[in-house]
Amino acid sequence: MDTEHLDFLLNRYFDGELTPTEKRELELILLEEPKARREFWRAAALHGALRISGEQAWGARAAKEIAERPAVAAARSRRWFLTEFPRLGWAALAAGLAAAVIVTVSSWKEPRAIKTGGQAVVSSRSGAPNSVADPFLAIVVDQSAGARWTGSPSLRGIGHALGRDRVRLEAGEATLMLDNGVELQLRGPVELELLSVDHGVLHRGQLSARVPDNAIGFRIDAPGVNVVDLGTEFSLAVDDGGEPKVHVFKGKVRAAMPTLPSSRTELGSGDTARFDVALGIVSRDTGDLSVFPILEDDSMLPRATGDVRYLRRAPKSVRAGTYEHDSIMVFQEKADVVLPEAVTVIRGASNQQRGPEPSVPDLAVLPAGTRVRSYLIHFDRVGASRDDVRARGRITFDRPVLGFVVHAKSLTDSDPWLGHPDTTYDSPGSRQILEMRFLRNRTGPVKSHTSGLFDEVHLGADGRSVEMVLFGGLAADQFRVLLAADGN
Amino acid sequence: MASPTQTALVQGLFVQNMMAVRGFVLALMPDFSRVDDVVQETFLTVTAKADDFVEGTNFRAWAFSIARFKVLESVRTPGAREIALDAEVIDALCGAEPIEVHPEEQTGALATCIGKLAPQARRAIELRYQQACRPPEIARRMGWTVNSVNVALARARNFLRECVERQLARGPG
């Protein structure tokens with residue numbers, strides 16, 4: 001038996017990396033060689049212990065937080081011994097011992113996330129940056145007027161992107177849109193940590209989640225409880241005593257206390273359950289539903305797909321460098337404006353990349369007096385290197401698109417009457433236009449991006465969708481979409 | 001249906017052996033995301049079959065046999081089949097010798113040994129085992145190639161295995 005090769009295959013097996021050929025090879029070795037089977041269990045023992053230690057380290061902070069609430073912990077301990085020990089006996093005691101083990105695992109420390117520019121850089125526990133870059137996971141698409149964020153990095157509100165961050169909303173409400181389409185409604189005071197687009201930790205406070213079909217399996221952990229979505233809208237609230245409550249608005253979730261397998265429970269529409277983590281008790285609850293944030297009806301909002309994110313309120317600024325991330329942001333500027341002068345727009349589709357001559361889309365002039373609704377499209381990739389970053393996606397509106405304002409002069413000239421009054425725009429001199437092949441700037445035809453490609457903006461066949469492929473280069477890309485105003 | 005006393009006995013034994021059961025399931029299911037479900041299903045079946053357990057016999061072996069069936073059920077599903085071992089192999093692994101899985105003994109020693117890893121190796125192990133990242137994701141986060149991650153994980157595990165075995169051989173204190 002080639003032990004080195006077996007070791008190689010076992011490592012790949014435990015990491016889920018075996019190719020079909022390697023898998024068959026490992027299976028044959030394990031079937032034929034008793035020594036290989038012993039080696040398997042030797043390696044498996046370490047693999048299992050590592051995962052269990054890792055899970056415990058991950059959960060240790062939650063356990064620590066509960067333990068740091070002395071009044072609650074002491075009250076619970078007394079109540080537990082008086083009322084529950086005779087009933088639960090050794091099972092509860094063993095669960096308690098297992099929980100105690102969690103706190104003793106000290107060598108595993110969580111990395112600390114730092115924002116530099118727009119990218120999250122994770123430093124090791126020694127504090128030395130190790131150049132580990134994390135992607136953004138979510139964008140703040142809405143927040144109430146009184147919303148107040150704290151912590152580091154401090155959020156700048158609507159349009160801000162989050163990576164693997166632990167964020168605190170001290171007051172007000174805010175809505176996050178994750179990259180997989182999961183919508184999280186937060187109500188302050190709330191503390192949320194995003195680990196991935198599929199997984200977050202609610203340390204305190206209340207949130208509601210709307211999970212699309214493609215993200216089923218989305219999981220939120222609270223101290224001592226995990227909730228796995230099975231296709232639904234649900235809410236999770238952690239009170240000051242660290243006691244989680246789960247409510248399902250629509251669909252189904254599975255919730256469980258990891259240290260107590262018997263606690264696993266499925267909740268359906270309208271169900272509420274309370275988890276007493278200290279006692280290991282799950283109880284159905286019909287209490288006050290007002291603790292759960294209400295998800296806004298999103299059926300009337302423009303539908304964004306791909307890298308496009310629709311902001312439900314205008315951001316404070318769209319100046320280059322304010323919000324750098326990997327998504328194209330779209331927001332409504334004005335709902336109903338009478339154009340004071342004619343505006344030149346483009347419509348239809350155009351081929352920007354191929355052919356000896358640029359394909360020019362249909363040009364149209366919207367006459368003065370036309371009533372329009374305006375939206376701004378804004379893409380500002382992280383940093384300003386010459387390397388292109390591509391973002392693509394589509395946004396579909398509820399009514400026909402009249403055209404896109406892409407020319408620099410038309411864009412800056414229309415800012416005063418189409419721009420949002422609370423949003424700061426770049427000054428005319430620094431305004432960047434799209435790199436579309438048919439456009440011209442002061443020095444001549446617009447040049448391609450470093451990659452040799454041009455930006456593309458097309459009107460979909462339905463007349464209501466805008467499809468775009470934008471290349472973030474040295475500056476932000478912007479254009480304006482005009483729709484007919486209500487009643488037109 | 002088992003008496004409340006028998007059910008309580010079996011559930012208590014399960015909780016005492018939960019780390020071992022979890023370690024057993026982890027060995028047979030490289031996909032961490034399914035492990036919770038299989039352990040919980042095992043607990044429910046152990047509870048339902050509480051009457052079958054005879055006090056004084058080997059509870060751990062009995063629980064492993066139930067967990068093995070739950071693993072086999074789980075790995076039949078699409079997505080799991082591709083990375084899990086074939087049922088025949090799982091049977092061979094579970095059938096021959098007494099299975100020695102004692103994560104409860106190893107976790108204490110691991111805490112010391114992980115602290116001895118080089119920072120980048122420790123980071124790779126943390127991403128793999130705390131955050132359940134697979135090598136491609138670890139590579140992306142660390143700015144490494146997947147191959148470098150595979151090598152780093154393999155070396156780190158070798159070091160940890162030897163370190164843990166040394167620690168356990170030395171005994172407590």
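The values are calculated or read from the model by the stated rules, or taken from the named source; none is laboratory data. The model shown is predicted, which means the values in this text are computed figures rather than measured ones. Positions of Cβ are backbone-derived with ideal geometry, glycine not excepted, and every protein chain shown enters the neighbour counts.
Exactly one residue out of B:F64, B:F53, B:F14 is in contact with a helix residue (DSSP H, G or I) (Cβ under 6 Å, 6 or more places away or on another chain), modelled with pLDDT of 85 or more and facing chain A (nearest Cβ under 9 Å), and it is B:F14.
Considering only residues that are among the polar types (S, T, N, Q) and free of Cβ contacts under 8 Å to residues at least 12 places away in the same chain, which ones fall in segment A:266-291? Passing the criteria: A:S283, A:S290. Contact map, segment A:51-63: residues that are more than 7 Å from chain B (Cβ to nearest Cβ) paired with residues that are assigned to a helix (DSSP H, G or I) and modelled with pLDDT under 60, Cβ distance under 8 Å, separation 6+ or inter-chain. Pairs shown: A:Q56/A:V101; A:Q56/A:I102; A:G59/A:I102; A:A60/A:I102; A:A60/A:V103; A:A63/A:A99; A:A63/A:I102; A:A63/A:V103. Within segment A:230-255, being surrounded by fewer than 22 Cβ atoms within 10 Å (Cβ to Cβ) and within 19 Å of B:V39 (Cβ to Cβ) holds for A:L230, A:R254. When segment A:312-332 is filtered for residues that are more than 21 Å from A:A147 (Cβ to Cβ) and surrounded by 23 or more Cβ atoms within 10 Å (Cβ to Cβ), only A:I328 remains. Considering A:G16, A:G96, the condition of being within 26 Å of B:Q11 (Cα to Cα) and modelled with pLDDT under 90 is satisfied by A:G96 alone. The number of residues in segment B:127-139 that are touching a residue at least 12 places away in the same chain (Cβ under 8 Å), under 19 Å from the mean Cα position of the chain (by Cα) and not in a loop (DSSP other than H, G, I, E, B) comes to 3. When only residues in segment B:20-50 that are outside any helix (DSSP H, G or I) and facing chain A (nearest Cβ under 7 Å) count, which is surrounded by the most Cβ atoms within 10 Å (Cβ to Cβ)? Filtering segment B:20-50 for residues that are outside any helix (DSSP H, G or I) and facing chain A (nearest Cβ under 7 Å), the one surrounded by the most Cβ atoms within 10 Å (Cβ to Cβ) comes out as B:P30.
Can we say A:G231 is assigned to a loop (DSSP other than H, G, I, E, B) and not acidic (D, E)? The answer is no for A:G231. The listed residues are A:T370, A:T396, and the only one of them that is out of contact with any Leu (no Cβ under 9 Å at 6 or more places or on another chain), on the phi < 0 side of the Ramachandran plot and among the hydroxyl-bearing types (S, T, Y) turns out to be A:T396.
Restricted to segment A:242-276, and to residues that are in contact with a strand residue (DSSP E or B) (Cβ under 9 Å, 6 or more places away or on another chain) and part of a loop (DSSP other than H, G, I, E, B), which residue is farthest from the other protein chains (Cβ to nearest Cβ)? By that ranking, first place goes to A:G270. Applying the condition of being outside any loop (DSSP other than H, G, I, E, B) and surrounded by 15 or more Cβ atoms within 10 Å (Cβ to Cβ) to segment A:292-308 and asking which residue is modelled with the lowest pLDDT yields A:G306. Restricting attention to segment A:337-364, the residues that are at pLDDT 90 or above and exposed (fewer than 12 other Cβ atoms within 10 Å of the Cβ) add up to 3.
Taking the condition at pLDDT below 90 and within 15 Å of A:G268 (Cα to Cα), does A:G242 pass? For A:G242, the condition - at pLDDT below 90 and within 15 Å of A:G268 (Cα to Cα) - is not met. For segment B:140-161, a residue qualifies if it is in a helix (DSSP H, G or I), more than 7 Å from chain A (Cβ to nearest Cβ), more than 26 Å from B:E105 (Cα to Cα) and of a type outside the set (S, T, N, Q), and the qualifying residues are B:R140, B:V146, B:V149, B:V151. Of the residues making up segment B:100-112, one or more are crowded, with 19+ Cβ neighbours inside 10 Å, β-branched (V, I, T) and within 7 Å of chain A (Cβ to nearest Cβ).
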